[in-house]
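This report refers to the structure that appears directly beneath it.
The values are calculated or read from the model by the stated rules, or taken from the named source; none is laboratory data. As the structure is a prediction and not an experimental result, all values here were calculated from the model. When we count neighbours, we look across all protein chains shown, and the Cβ atoms used for this are built from the backbone with ideal geometry, even at glycine.
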Amino acid sequence: MNLPNLLTLIRIILTPLLVILLINGKFVEALIVFTIAGITDGLDGLIARWMRQKTRIGAILDPIADKLLLTSAYVTLAVIGFLPGWLAVTVISRDVIIVFGVLIIFLFQGEVEIHPSMLGKITTVAQLGTIFMVLVNYDLGWFGRILPFLYIGTALITVISGLHYMYLGTQFMGSDENS
């Protein structure tokens, strides 16, 4: 197992710990765990590219780890009242649509290579940043006034990114019809 894949597995393992900490009201500890998970998200891809350690399993596990972390955090924070429910639904709906789109492409085309778009990466950073700001705000109270704007911005980029992936998926599916 290479270092990038190990970092991805650490992110997967940290996700249930994050949920447990949030449920138990241990928000400082949750912030630390979430920050470590976020760092592993950035490092795994960077190291894989830099050290030329990209693997097929890493290409599959990394987006799964991202979806697991983000979905768990958004659901938990919405349930405990720290995030608006509509934002959690928006974030999770986009991910569900993407996963079903990949599944449909796989069923019709066979093999699927997953390549996140730049817009998708920006969306992930916005979603991670929103959770980070919510957790920091709980502890320090610095961001209370800007959080509603952050929610709207994150929702907008999430929707735009979801529509972009839907467009790419329909383009990809339509490419075989002209052959």
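A few notes on this one:
- Within region 154-179, the residues that satisfy the criterion of being surrounded by 12 or more Cβ atoms within 10 Å (Cβ to Cβ), farther than 19 Å from Asp66 by Cβ and either in contact (Cβ under 8 Å) with a residue 12 or more places away in the chain or of a type in the set (Gly, Ala, Ser) (or both) are Phe172, Met173.
- Filtering region 23-58 to residues that are in a helix (DSSP H, G or I), surrounded by fewer than 15 Cβ atoms within 10 Å (Cβ to Cβ) and small (Gly, Ala, Ser) leaves only Gly42.
- Only one of the numbered conditions (1) in a helix (DSSP H, G or I); (2) under 25 Å from Phe143 (Cα atoms); (3) not polar (S, T, N, Q) is not met by Arg11, and that is (2).
- Residue within region 69-78 that is under 24 Å from Glu113 (Cα atoms) and touching a residue at least 40 places away in the same chain (Cβ under 8 Å) present: yes
- Taken residue by residue, region 61-74 has no member that is over 15 Å from the mean Cα position of the chain (by Cα), surrounded by 15 or more Cβ atoms within 10 Å (Cβ to Cβ), at pLDDT below 95 and farther than 27 Å from Leu150 by Cβ.
- Qualifying residues in region 90-107 (those that are farther than 21 Å from Ser72 by Cβ and in contact (Cβ under 8 Å) with a residue 12 or more places away in the chain) - the one surrounded by the fewest Cβ atoms within 10 Å (Cβ to Cβ): Ile104
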